[in-house]
Structures are given as structure tokens and as C-alpha cells.
Amino acid sequence: ALPRDLEGVRVVISAGGTREPLDPVRYLGNRSSGKQGYALARVAAQRGAEVTLVAGHTVALPDPAGATVRHVSTALELREAMHAEAASADVVVMAAAVADFRPATRADVKIKKSDELPDPVVTLDRNPDILAELVRDRRPGQLVVGFAAETGDEQGSVLDHARVKLKRKGADLLVVNAVGDGKAFETEDNSGWLLAADGTERSIPLGAKAQLASTVWDAVVGLIKR
Ligand code: C5P
């Protein structure tokens, strides 16, 4: 049995991907399955937390037992829901894959192809960084947890990038997943690192997404108790 060490703690978790509409039938989306965020919600509820899940699009996952679920579609809807829920939360976790950009305009009718007219060009507007906003607006004592999907490159390793991102976003904890080569996205297992604002770093071995969720909640419990 899991410890009931999140009893009395109100947590809000975002999960899944956003869809940014182009017209009534088309959207820009991403490959997020929602599985990691749903596992976080399920495990938190099992450990006694009061859980609200703000769910974007997933691979048709069932609502996790014991959680209140709010379904959203676009980044701007997810932002609204997260700000409203975070106002009364002790812990906020941004596990959703939020689109960085949305089409600047949404056509009222289906965009047509035409031999007379030029092919359409899509202009994108930047979406707000919801995690950064939640950090900015946080209540005293509220913990904010972010996720980062990183690849290594000539500029540095996955961890180098993640350390910079933790500082820039100002979160208390950052869960870092190495991505690329079929890792993390759309899979059952996950691995990575957990970086804390105090400089603590631990690696998370490859395991079920529920296992990674437990590691995150262990760290949260440690920070709440201090
Ligand atoms: O900067 P990057 O997209 O890698 O950061 C990932 C983290 O930021 C995740 O926690 C994700 O949920 C969050 N995010 C956000 N708003 C965005 C983009 C990402 O809250 N527009």
C-alpha cells in the first residue's frame, strides 16, 4: 500500500497535449499521450491528495480514480483553468505539452483548396508560458513543478539545458526527460532526472510512469514538510 502522506494537500496537475485550431476541423497538435500526467494524478490521489487534473488531449485515457477532471483543448483554455485552480492549490504540476504557438487566426469555415487562389500561409502567434506565469503568481508556500523534454546538442547535454531551464522558469522542481530516439513520448516507461531549486539532483531510472510519479511526490512531500 502507498503512504497517505499527501492527505490534506490540494494538488493541481496539467496533462496531455493542446490543440490549436486552424479552422473548424483542423488543428496543430503534438504527440503527448497524457500518460505521465495521468499517472501523477492517480498516484497523488492514492497517497491521499485532493487532486484536480486539467486534461488536454490524450490517447483517450479514462479519468483517473479519485481526481476531479477538467477537460480543455487549447493552450489558452488550459491557462485559464490552471490559473483558476492554482489559486487554491498547495502544489501545481505542469506536465502538459503546451503548444508554444497557435495560428494567428482561426477561420470560421473550413479552409478550401483552390486552383485559382494561392495556397494558404499559416501565421503563428506565441502562446504564453503558463508555467512561468504560475511561478510569478504563486501563493506563499505553494510548490510549482515543471517538466522539460530535452535533447543534448553541441551547446550542451540534456542536464546542462535542464539546469538553465530550472533557473529561468523559477520552479521548485523540474522533471527532466531525455527525448528523441523514441524515448518518453507515447511510451509506457519514462526515465530522467529530478532537479530541485536548491541544487539537489537525482536520476530517475527507467521504469513505469507511475514509478516516476512516486519519485516526484516523494520529493514534493520532502519540500512540504520543511
Ligand atoms: O520551455 P519548455 O516548453 O521546454 O518547458 C516545459 C515546461 O513548461 C512544462 O512544464 C510545460 O508544461 C510548460 N509550458 C507551459 N507553457 C508553454 C510551454 C510550456 O507552461 N507555453
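Just so it is clear, none of the values below were taken in a lab; they were calculated from the coordinates. These numbers were taken from a predicted model, which means no experiment stands behind them. We place every Cβ from the backbone using ideal geometry, glycine too, and count neighbours over all the protein chains shown.
Largest GNM mean-square fluctuation among Ala84, Ala210, Ala96, using the chain with Cα springs under 10 Å: Ala84.
Ranked by how many other Cβ atoms sit within 10 Å of their own Cβ, fewest first, the residues His57, His83 fall in the order His83, His57. Straightening the chain between Thr200 and Arg168 buys 9.9 nm, computed as 0.36 nm per residue apart minus the Cα-Cα spacing.
Residue exposure proxy: Lys169, Lys35, ordered by other Cβ atoms within 10 angstrom of their Cβ from fewest to most, comes out as Lys169, Lys35.
Over region 1-115, the ratio between the Cα radius of gyration and 2.2 N^0.38 Å evaluates to 1.22. Based on Cα contacts under 8 Å between residues 6+ apart, region 1-92 shows a relative contact order of 36 percent.
Taken along its principal axes, the alpha carbon cloud of region 157-226 reaches lengths of 36, 25, 16 Å, longest axis first. A simple rule links phi to the HN-Hα coupling: the Karplus curve 6.51 cos²θ - 1.76 cosθ + 1.60 with θ = phi - 60°, which for region 94-107 gives 9, 9, 5, 8, 8, 4, 6, 9, 10, x, 5, 10, 10, 5 Hz, with x for Gly and Pro. Computed from label points 7 Å out along Cα-Cβ, the spacing between Val59 and Gln155 is 3.0 nm. Across all Cα pairs in the chain, the calculated P(r) in 5 Å bins from zero up to the longest distance comes to 1, 7, 14, 18, 20, 16, 10, 6, 4, 2, 1, 1, 0, 0 percent per bin. Mean separation of Cα pairs under 8 Å and 6 or more residues apart, divided by the residue count, gives the chain a relative contact order of 19 percent. Put in line by how crowded their Cβ is, counting other Cβ atoms within 10 Å and starting with the fewest, Val12, Val216 read Val216, Val12. Which residue fluctuates most in the GNM of the chain (Cα springs below 10 Å): Gly199, Gly16, Gly56? Comparing Gly199, Gly16, Gly56 in the GNM, the peak value goes to Gly199. From its DSSP helices (H runs of at least four residues, each -39,500 (n - 2.57)), the chain gives a residue-normalised ellipticity at 222 nm of -8000 deg cm²/dmol. Placing a label point 7 Å from the Cα of Arg106 along the Cα-to-Cβ line, the residues of region 16-58 whose backbone N sits under 18 Å from it are 17-30, 55-58. When the Gaussian network model of the chain links Cα atoms closer than 10 Å, the mean-square fluctuations of Asp90, Asp129, Asp108 top out at Asp108.
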